[in-house]
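Enquirer: Here it is: the structure, laid out below.
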Amino acid sequence: MHLIRERQDIILQRLKTGNRVLAADLATEFAVSEDTIRRDLRELAARGLCERVYGGALPVAPAAGPLKARDNKDDAEKQALGRLLASEIRDGMSVFLDASSTNIAAARSLPENLHGFIVTNAPAIAAALDGHRTLDVIMIGGRIHREVGGAIGAGAIEDLQAFHFDLCLLGACGIDVEAGLTCFHYEDALFKREAAACARRVVTAMTAAKFATRAPCSVIALDALDALAVPEMLDAAARAALEETGLELIGKGAER
C-alpha cells in the first residue's frame with residue numbers, strides 16, 4: 001500500500017509528463033477508493049500543482065511571467081513556431097497580433113516586402129515591426145498589463161471592435177482538447193475572446209509544454225480555433241489527440 005505522500009508524488013510525476021490523470025484509473029492502480037484519489041487531487045490542486053477536471057486532473061499551464069522575460073529566452077522551438085505563424089500572413093491581409101512571445105517571433109519573421117495592415121495591443125510587437133516600410137502598424141491602447149505585456153482593458157476591447165481582421169494570431173497559456181485555450185488573467189481572457197470574434201480566421205501556436213495543460217481562465221474552445229501551429233517535437237500521442245478534433249495543424253514535421 002502506498003502512503004499518501006508517496007501516492008501524491010507518483011500522481012504529480014505523471015502530471016509533469018504532460019498527461020491528464022483519471023481518478024478511476026488511479027484508484028484501480030493504487031487499490032484505493034475514487035474518493036481517496038479525489039482527495040489527493042484536491043490537495044494537489046490547492047497547492048497549485050494541478051488543475052481539477054471532471055473525472056481527474058490536468059497539469060497546470062506553465063507559469064507565464066512577464067512578456068519581456070519570455071521574449072528574452074533563446075528558444076528555438078518558439079522561433080520555429082513564430083516562422084510558422086508568419087507564413088499564415090499574406091499580402092494585403094488585415095491581421096491582429098495578440099501579446100505573446102511567439103507572436104513577437106512571428107513579427108520578426110515577416111518578409112521585408114510584405115504589404116498589409118497589422119494591429120496589436122503589445123508594444124513589443126509594434127517595436128519589432130518598427131521600420132517595416134510596407135506594413136501599416138496600429139497600436140490599440142490603454143494601460144499595459146505588466147505580465148501580459150499588452151493593453152487588455154475596456155478601452156483596448158472597445159478599440160478592437162472598430163476592426164474586422166482577416167487573421168487573428170492569438171496567444172494562449174494552456175491548451176487542452178476539452179478545455180480549449182486558457183490563460184491566467186480574467187481580463188486577458190475577455191480581450192482574447194473579443195479579438196477572436198473580430199477575425200475571419202483564428203490561429204494560435206502551442207509549445208510542447210503547453211499541451212494538455214489548463215490555466216484558470218477560459219478563452220475559446222478548440223472548435224472556435226481555425227488552425228494550430230505545433231512544434232516538430234510534439235509527441236505522436238499529443239498530435240493524434242489534436243488531429244482527432246478535426247483541427248488543422250500547421251507544421252507537421254516541416255515548416256511550410
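The values are calculated or read from the model by the stated rules, or taken from the named source; none is laboratory data. Since this is a predicted model, take the numbers as computed values, not measurements. All Cβ positions, glycine included, derive from the backbone under ideal geometry; neighbour counts span all protein chains shown. Keep in mind that these areas ignore ligands, DNA and RNA; they rest on the heavy atoms of the full protein, side chains included. Shrake-Rupley method; radii C 1.70, N 1.55, O 1.52, S 1.80 Å.
Enquirer: On a C-alpha basis, how far is the centre of the stretch 152-209 from the centre of the stretch 86-114 in Å? Whole number, if you could?
Expert: Between the Cα centre of the stretch 152-209 and that of the stretch 86-114, the gap is 15 Å.
Enquirer: Specify which labelled value, from [x] 1, 6, 13, 17, 18, 15, 11, 7, 5, 3, 2, 1, 0, 0; [y] 1, 5, 12, 15, 16, 14, 12, 10, 8, 5, 2, 0, 0; [z] 1, 7, 14, 19, 21, 17, 11, 6, 3, 1, 0, agrees with P(r) over Cα pairs in 5 Å bins from 0, in percent derived from the coordinates of the model shown.
Expert: Matching the structure shown: [x].
Enquirer: May I ask for the net charge around Ala154, where only other residues with Cβ less than 15 Å from the Cβ of Ala154 are counted and Lys, Arg are +1 while Asp, Glu are -1?
Expert: Charge balance near Ala154 sits at -2.
Enquirer: Can you tell me the 0 to 90 degree angle between the C-alpha axis of helix 186-197 and the longest principal axis of the chain, rounded to 10?
Expert: 60 degrees
Enquirer: Run the numbers on the chain and let me know its relative contact order in percent, using alpha-carbon pairs under 8 Å that are six or more apart.
Expert: For the chain, the relative contact order is 17 percent.
Enquirer: Per residue, how much accessible surface does the chain expose to a 1.4 Å probe? Answer in Å², no decimals.
Expert: Result: 48 Å² per residue.
Enquirer: Could I ask something else about it? If you take every DSSP beta bridge fully contained in the chain, what fraction is antiparallel? Give it as a percent rounded to 5.
Expert: Beta bridges within the chain, antiparallel portion: roughly 35 percent.
Enquirer: Counting only protein heavy atoms and using a 1.4 Å probe, what share of the accessible area of the chain belongs to carbon plus sulfur, as a whole percent?
Expert: Roughly 51 percent, rounded to a whole number.
Enquirer: So, in nm, how far is label Ala45 from label Asp130 when the simple model puts each one 7 Å beyond its Cα toward the Cβ?
Expert: Those two pseudo-labels are separated by 4.5 nm.
Enquirer: Also: Distance in nm between label sites at Arg5 and Ala236, each 7 Å beyond Cα in the beta-carbon direction?
Expert: Going from the Arg5 label point to the Ala236 one covers 4.0 nm.
Enquirer: By per-residue mean of other Cβ atoms within 10 Å, what is the highest-first order of 96-102, 143-149?
Expert: For the peptides 96-102, 143-149, the packing ranking is 96-102, 143-149.
Enquirer: Any idea how far apart Ala221 and Arg14 come out in nm if each label point goes 7 Å out from Cα toward Cβ?
Expert: 2.7 nm
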